[in-house]
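> There's a structure below that I have some questions on.
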Amino acid sequence: MMIEIVLRCVGNLIVIGALPFRLGHLGAPLWYLPIYAAVAGLMLTVAEDFSFARELFLRADVRSYMRVRIAIIAVLGAMPFVAGMALHLITAG
């Protein structure tokens, strides 16, 4: 039980911090962040419980849960993304 909590936290930190930073460091434009947040939010929602894949089309609460995950990723992933963009601009120039 404890290992599942740790792995879930590590996965969320990677999705919210490391991957947006890397995306920004690669020189991706800022409009890539909402697309990344949407894809990552959908994948995290489905990965948490695979039955959510079918229920996304049927239940409004599951769709709302996915939207909240997307918003969290977009808001909390913005700073690592911008930091990666800044590092890219510093090292590229």
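The values are calculated or read from the model by the stated rules, or taken from the named source; none is laboratory data. In this text, all values refer to a predicted model and were calculated from it rather than measured experimentally. All Cβ positions, glycine included, derive from the backbone under ideal geometry; neighbour counts span all protein chains shown. When the accessible area is computed, the model is the full protein with side chains, heavy atoms only, and any ligands, DNA or RNA have been set aside. Shrake-Rupley method; radii C 1.70, N 1.55, O 1.52, S 1.80 Å.
> What pairs come up if the first residue lies in region 1-28 and is closer than 14 Å to Ala74 by Cβ, the second is assigned to a helix (DSSP H, G or I) and open to solvent by 70 Å² or more (accessible area, probe 1.4 Å), and their beta carbons are under 6 Å apart, counting only those six or more places apart or on different chains?
Ile16/Leu76
> Just to verify a result, which residue in region 84-93, among those that are of a type in the set (Gly, Ala, Ser) and open to solvent by 50 Å² or more (accessible area, probe 1.4 Å), is modelled with the highest pLDDT? Don't jump to the end; show me each part of the working.
Taking region 84-93 as the starting set, the residues that turn out to be of a type in the set (Gly, Ala, Ser) are 84, 86, 92-93.
Checking the rest, the ones that are also open to solvent by 50 Å² or more (accessible area, probe 1.4 Å) come to 92-93.
Working: Ala92: 82, Gly93: 67.
In this case the residue turns out to be Ala92.
> Let me ask you something else. Name the residues in region 20-51 that are of a type in the set (A, V, I, L, M) and surrounded by fewer than 18 Cβ atoms within 10 Å (Cβ to Cβ), would you?
Narrowing region 20-51 to residues of a type in the set (A, V, I, L, M): 23, 26, 28, 30, 33, 35, 37-40, 42-44, 46-47.
Leu26, Leu30, Ile35, Ala38, Val39, Leu42, Met43, Val46, Ala47, listed by residue number.
> Let me ask something additional. Which one of these is of a type in the set (Gly, Ala, Ser) and at pLDDT 95 or above: Ala53, Ala74?
On the way: Ala53 fails: at pLDDT 95 or above.
Within the list Ala53, Ala74, the selection yields Ala74.
> Using beta carbons and a limit of 7 Å, which pairs, at least six apart or on different chains, have the first residue in region 43-55 and under 16 Å from Val68 (Cβ atoms) and the second one of a type in the set (Lys, Arg)?
Qualifying pairs under 7 Å: Leu44/Arg69; Thr45/Arg69.
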